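Just below is one structure, and these are the notes that go with it.
The values are calculated or read from the model by the stated rules, or taken from the named source; none is laboratory data. This is a predicted model, so every value here is computed, not measured. Every residue, glycine as well, gets a Cβ built from its backbone with ideal geometry; the counts of neighbours run over all protein chains shown. For accessibility, only protein heavy atoms count, side chains too; no ligands or nucleic acids. Shrake-Rupley method; radii C 1.70, N 1.55, O 1.52, S 1.80 Å.
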Amino acid sequence: AQSVTQLDSQVPVFEEAPVELRCNYSSSVSVYLFWYVQYPNQGLQLLLKYLSGSTLVKGINGFEAEFNKSQTSFHLRKPSVHISDTAEYFCAVSHLDSNYQLIWGAGTKLIIKP
Amino acid sequence: EPEVTQTPSHQVTQMGQEVILRCVPISNHLYFYWYRQILGQKVEFLVSFYNNEISEKSEIFDDQFSVERPDGSNFTLKIRSTKLEDSAMYFCASSDSRGALDTQYFGPGTRLTVL
């Protein structure tokens, strides 16, 4: 069965520091990769997605992610975080074999320290 | 910007009661989804709906659950005879196409608490 692993349940970082949120997936077929963000008391919002082409994907709010097929990873990065980035971040995968159902990671809470 | 809305934001019910969670998808979208997230656990797919019928459902979506599009705007999830383990956040989503190119837009969720 396909799965998505987000290795860190929480990541505390200081404001203006860089951050990387890790995501690994297990799949033997071509996948499509997504990062969603959930701000406190809000719904899930698409941050960015990888479908094909350039492995470096840029999203909203200054986030980017890099697809690494050999390492089956899709880590999310931001060079300088802001207090408003405090949220939970979810990595998700879909592919033809799952009828494009989104398979989700457990989420990573990004905690920004002043 | 169009958005998916869900009501209520929080629903408290007694075990064994029926609940209906409501969603208004984005108006020109054709595909609708329900997901749930039990506290501290992963988001889980429940069901997808297209052309007035279920197109996919997970193992979680058993006979206790049903979905309906009663009119041109609402999309509902009914849970019959709720159980304690049904307590979760339920998310509705919609998309205008199916497949890798679609983006699923999510509502803010309904927190269901079964006592």
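Quick notes on this structure:
- Amide H within-cut-off set for B:Ser55, under 5 Å, with H built and near neighbours excluded: B:Ser48, B:Phe49, B:Tyr50
- Derived value for chain A: Kirkwood hydrodynamic radius 14.1 Å. Basis is the mean of 1/r over every pair of different alpha-carbon atoms.
- Buried between B and A is an accessible area of approximately 1600 Å², summed over both sides with a 1.4 Å probe.
- Rotationally averaged projected area of region A:15-57 (alpha carbon convex hull; nm²): 4.6 nm²
- Heavy-atom accessible surface of the protein assembly as shown, averaged per residue, reaches 49 Å², computed with a 1.4 Å probe.
- Simple spin-label estimate for B:Ile60 and A:Ile83 in nanometres, 7 Å along Cα-Cβ: 3.5 nm
- Stokes-Einstein diffusion coefficient of the protein assembly as shown, Kirkwood radius over Cα pairs, 25 °C, 0.890 mPa s, in µm²/s: 135 µm²/s
- Here region A:23-114 is treated with +1 on each Lys and Arg Cβ and -1 on each Asp and Glu Cβ, and its dipole about the Cα centre works out to around 180 debye.
- D by Stokes-Einstein for chain B, Kirkwood Rh over Cα pairs, 4 °C, 1.567 mPa s: 92 µm²/s.
- For region B:1-68, the average shadow cast by the Cα convex hull is 5.9 nm², which is a quarter of the hull's surface.
- Accessible area of the protein assembly as shown belonging to carbon and sulfur atoms, whole % at 1.4 Å probe: 48 percent
- Lysine pairs meeting the criterion (Cα under 16 Å, 8 or more apart or interchain), as found in the protein assembly as shown: 8
- For A:Ser70, the solvent-accessible surface computed with a 1.4 Å probe is close to 110 Å², ligands and nucleic acids excluded.
- Those residues of region A:81-114 whose amide nitrogen sits under 17 Å from the label point placed on A:Gln45, 7 Å along Cα→Cβ: A:81-91, A:108-112
- Inter-chain Cβ neighbour count for A:64-70, averaged per residue, equals 0 (cutoff 10 Å, partner chain atoms only).
- Placing a label point 7 Å from the Cα of B:Thr7 along the Cα-to-Cβ direction, the residues of region B:15-58 with a backbone N closer than 13 Å are B:21-25.
- Rounded to whole Å, sorted largest first: equivalent-ellipsoid semi-axes of region B:66-115, Cα gyration tensor: 25, 14, 9
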